[in-house]
Amino acid sequence: MPTLLHLTLQAWLLVAVAAFCIGFTKAGFGGFGLIAVLLMAQAFPAKESTGAVLPMLIMSDFMAISAYRRHVSWGELWRLLPSTFLGLIAGWLLMSRIPDDLFSHFLGWLILVMIALVLWQRFDRRILSGIMHHPVLATGSGFLAGVTTMMANAGGPAMTFYLLAKRFDKMAFVGTCAWFFCITNLVKIPLSWNLGLITISSLAINLMMLPAIVAGMLVGRFLLGKVSQAAFEWVAIIMAIASAARMIMV
């Protein structure tokens, strides 16, 4: 993994924008989480980028649960976590078996699948209403969120699919996601450390990006009730598709 001295100016800018997007995402604009993942994969080798971004996600998770601690559905959260933990283990096992030179392509395709999931729930509400009360919804969504958050820090679309199916309002959506990802990201620390994806150097970079994370959180909180979230998420979806396609074609 690149050290502080080996990062180019372009890489520093990518990391800073990714950190801002992470704070912005945790404030409620979930579509920008994929942008952060893809930017980090441009600054670091694809597999190592998943560990480099994890501490920044955890820092923003603590900010989010502090800001939205009153808006959480504990029942839905506990329903998701058992299968999520199984998904984390499955993702950890898969990561150790995917060659480094193929991981960038794999990550790009995985992001596209996650975007397709988000688009599916936007355009086919009949499917959501048909499975809303089925127990497989929580089990499948939790497992998929666990696998994708372990392998690519991209569990947001699976959670979006589940919480929209349950017809959560905006604030309950943000608060439940905040606690869900805080718990799962903390569980990921020993798994990522075991894979060598978190290092002392990457932690130093994470700490230096704290102001950018805070800035993203503050801007996101300011905009959450003032602008159309749908418009922001459509921009994020288009940007994520373009970035993922670039990773696949490299």
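Some points to look at:
- Set of lysines with alpha-carbon distance to Lys188 below 29 Å, sequence-local pairs under 8 removed: Lys26, Lys47, Lys166, Lys170
- Backbone HN-Hα couplings from phi across segment 74-79 [Karplus 6.51/-1.76/1.60, Hz, Gly and Pro as x]: 5, x, 5, 4, 5, 5
- D by Stokes-Einstein for segment 4-249, Kirkwood Rh over Cα pairs, 20 °C, 1.002 mPa s: 121 µm²/s.
- Extension gain, Phe85 back to Leu119 (0.36 nm per residue minus Cα-Cα distance, nm): 9.7 nm
- Counting beta carbons within 10 Å around each of Lys47, Lys26, Lys166 and listing the fewest first gives the order Lys166, Lys47, Lys26.
- Model label points for Arg167 and Leu186, set 7 angstrom from Cα along the Cα-to-Cβ axis, are 3.3 nm apart.
- Peptides 48-60, 201-213, 175-187 ordered by packing proxy, namely the average of other Cβ atoms within 10 Å per residue, highest first: 48-60, 175-187, 201-213.
- Förster radius 41 Å - calculated FRET efficiency between Phe62 and His105, Cβ distance, rounded to 0.05: 0.80
- Each Lys or Arg adds one and each Asp or Glu subtracts one; over the other residues with Cβ under 11 Å from the Cβ of Gly23, this totals +1.
- With Cα atoms defining each centre, segment 56-77 and segment 82-97 are spaced 22 Å apart in the structure.
- Taken one residue at a time, the phi angles of segment 39-44 give Karplus couplings (6.51, -1.76, 1.60, θ = phi - 60°) of 5, 5, 6, 7, 7, 10 Hz. Gly and Pro are set to x.
- Over segment 28-74, the hull volume per residue, using the convex hull of the C-alpha atoms, is 87 Å³.
- Karplus-derived HN-Hα couplings along segment 214-226 (A = 6.51, B = -1.76, C = 1.60, θ = phi - 60°), whole Hz, x at Gly and Pro: 4, 4, x, 5, 5, 5, x, 5, 5, 7, 3, x, 10
- Counting neighbouring beta carbons within 10 Å and listing from fewest to most, the residues Thr148, Thr84, Thr8 come out as Thr8, Thr148, Thr84.
None of the figures in this text is laboratory data; all of them are computed from the coordinates on show. Please read these numbers as outputs of a predicted model, since none were measured by experiment. Neighbour counts run over all protein chains shown; Cβ positions are idealised from the backbone, glycine included.
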